[in-house]
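Let me begin by presenting the structure, written as structure tokens, before commenting on it.
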Amino acid sequence: MRAHVAWLALEGRWGLSYGDLLSLSLGGFILFGLGALPAGWLGKCHALFTASKHADGDWILFVDSDVKLAPDALGGALALAVNREYDALSLMTALECYSFLERLVLPLAAASVTAMCLVSFTNDDEVPIAFANGQFFLIRRSAYEAVHGHEAVKDHITEDVALMRILKRARFRTRLFMGRKFASTRMHSTYRQMQSGWGRIYSGVSSRRPWRILGAIGFALSGLLVYPGILVGVVRATSYHDPGWIIAAAVQLAVMTAVIATFYHWSGNGKRYALLFPLAGPILISLYGYALKMCWTGNVAWRGTSYTYHATPASK
């Protein structure tokens with residue numbers, strides 16, 4: 001499949017050096033500035049909306065600057081979308097994890113948001129539920145313009161999910177696929193970054209409503225309780241010759257570990273980290289707790305910028 005592709009790069013509030021700008025220019029990118037941020041807009045939403053105005057193709061691919069793409073990622077995604085008449089296609093990228101903390105926490109943090117948002121329903125045209133990963137988000141231009149693009153989600157902290165939801169409600173065909181063979185990214189390397197990043201995501205996709213996050217906390221707690229349950233089972237088996245409790249706890253542990261191992265595998269990380277859920281679980285719960293705080297206050301701090309987020313109809 002042959003197609004005209006224009007690569008766009010924005011320079012505004014990110015402080016790119018002259019060397020960065022020269023490299024982008026020599027690499028075939030079209031460079032342009034953003035100017036002042038209009039009132040009522042978040043910076044990323046304004047940047048993406050501005051970029052869309054400079055693109056001249058029938059399709060627009062929004063991709064984060066820290067995403068690594070395979071050579072055939074764009075061609076494969078575009079061919080799939082065109083051949084199957086999709087209007088929007090997003091990929092769940094592989095998680096690049098280098099430290100122990102990243103490998104332990106990030107796969108479960110990512111799995112949590114997919115569970116909160118029931119992401120599999122994105123591919124069901126009859127269910128008004130949708131999710132997108134802004135790291136790789138391919139949209140048909142006509143569909144994007146029909147819903148007014150990022151202008152419709154200009155003040156949303158998880159604009160990718162909000163925009164996909166609007167597209168789905170407008171009866172456009174949306175799809176979400178696992179794409180770890182086509183794209184990868186390193187998201188957060190420190191606990192503070194995880195706290196701010198995932199707190200923003202959880203509170204944003206929940207529109208500052210706590211129920212999905214509270215459900216995630218309940219699920220994590222139920223998983224952690226299996227370990228003291230096994231200890232109780234050992235005591236009952238040795239003291240009262242009653243193996244029922246320990247058998248039930250062992251079955252729950254086996255099933256839970258298998259499920260968690262699958263999450264690690266899907267993210268491109270080792271299944272063995274599932275055995276460390278007693279360590280990962282409390283960290284996850286702390287991330288959920290920070291997200292609840294964001295839901296309550298609406299205050300978001302991300303990459304050096306602080307602002308207050310108000311849930312809008314487009315986000316629900």
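Name the one entry in 207, 189 that is in a loop (DSSP other than H, G, I, E, B), within 20 Å of residue 128 (Cα to Cα) and of a type in the set (Gly, Ala, Ser). It would help to see each step written out before you state the result.
On the way: 189 fails: within 20 Å of residue 128 (Cα to Cα).
Answer to the selection: 207.
Go through (1) modelled with pLDDT of 90 or more; (2) out of contact with any Gly (no Cβ under 7 Å at 6 or more places or on another chain); (3) assigned to a helix (DSSP H, G or I) one by one and return the number of the condition residue 247 breaks.
Unmet for residue 247, out of (1) modelled with pLDDT of 90 or more; (2) out of contact with any Gly (no Cβ under 7 Å at 6 or more places or on another chain); (3) assigned to a helix (DSSP H, G or I): (1).
Let me confirm something: among 209, 200, which residue is loosely packed, with under 15 Cβ neighbours inside 10 Å, closer than 30 Å to residue 162 by Cα and under 32 Å from the mean Cα position of the chain (by Cα)?
Working: 200 fails: loosely packed, with under 15 Cβ neighbours inside 10 Å.
Selected residue: 209, the only one of 209, 200 that is loosely packed, with under 15 Cβ neighbours inside 10 Å, closer than 30 Å to residue 162 by Cα and under 32 Å from the mean Cα position of the chain (by Cα).
Taking residue 196 as meeting all but one of (1) touching a residue at least 12 places away in the same chain (Cβ under 8 Å); (2) hydroxyl-bearing (Ser, Thr, Tyr); (3) farther than 26 Å from residue 153 by Cβ, write down the number of the exception.
Exception for residue 196: condition (3).
Would you check which residues across segment 121-145 are in a helix (DSSP H, G or I), out of contact with any Ser or Thr (no Cβ under 7 Å at 6 or more places or on another chain) and either in contact (Cβ under 8 Å) with a residue 40 or more places away in the chain or of a type in the set (Lys, Arg) (or both) and list them?
So the first thing to find is which residues in segment 121-145 are in a helix (DSSP H, G or I), and the list is 121-123, 141-145.
From what is left, the residues that are out of contact with any Ser or Thr (no Cβ under 7 Å at 6 or more places or on another chain) are 121, 123, 141-143, 145.
Within segment 121-145, 123, 141, 142, 143 qualify.
Within segment 38-59, does at least one residue satisfy the condition of being at pLDDT 50 or above, in a loop (DSSP other than H, G, I, E, B) and charged (D, E, K, R)? Break it down into steps so the answer makes sense when it comes.
If we filter segment 38-59 for residues that are at pLDDT 50 or above, which is where we start, we get 38-59.
Going one step further and asking which of them are in a loop (DSSP other than H, G, I, E, B), we end up with 38-42, 55-58.
So of that shortlist, the ones also charged (D, E, K, R) come out as 56, 58.
Yes; the residues of segment 38-59 include at least one that is at pLDDT 50 or above, in a loop (DSSP other than H, G, I, E, B) and charged (D, E, K, R).
Go through segment 78-98 and give me each residue that's under 20 Å from the mean Cα position of the chain (by Cα) and at pLDDT below 95.
Of everything in segment 78-98, those that are under 20 Å from the mean Cα position of the chain (by Cα) and at pLDDT below 95 turn out to be 92, 93, 94, 95, 96, 97, 98.
If you check every pair at least six apart or on different chains, which have Cβ atoms under 8 Å apart with a residue in segment 215-236 that is free of Cβ contacts under 8 Å to residues at least 24 places away in the same chain first and a residue that is among the polar types (S, T, N, Q) and in a helix (DSSP H, G or I) second?
If the second residue must be among the polar types (S, T, N, Q) and in a helix (DSSP H, G or I), the pairs left are 229/252.
The values are calculated or read from the model by the stated rules, or taken from the named source; none is laboratory data. Fair warning: this is a prediction, and the values are worked out from it, not measured in the lab. Glycine gets a Cβ as well: all are built from the backbone with ideal geometry, and neighbour counts include every protein chain shown.
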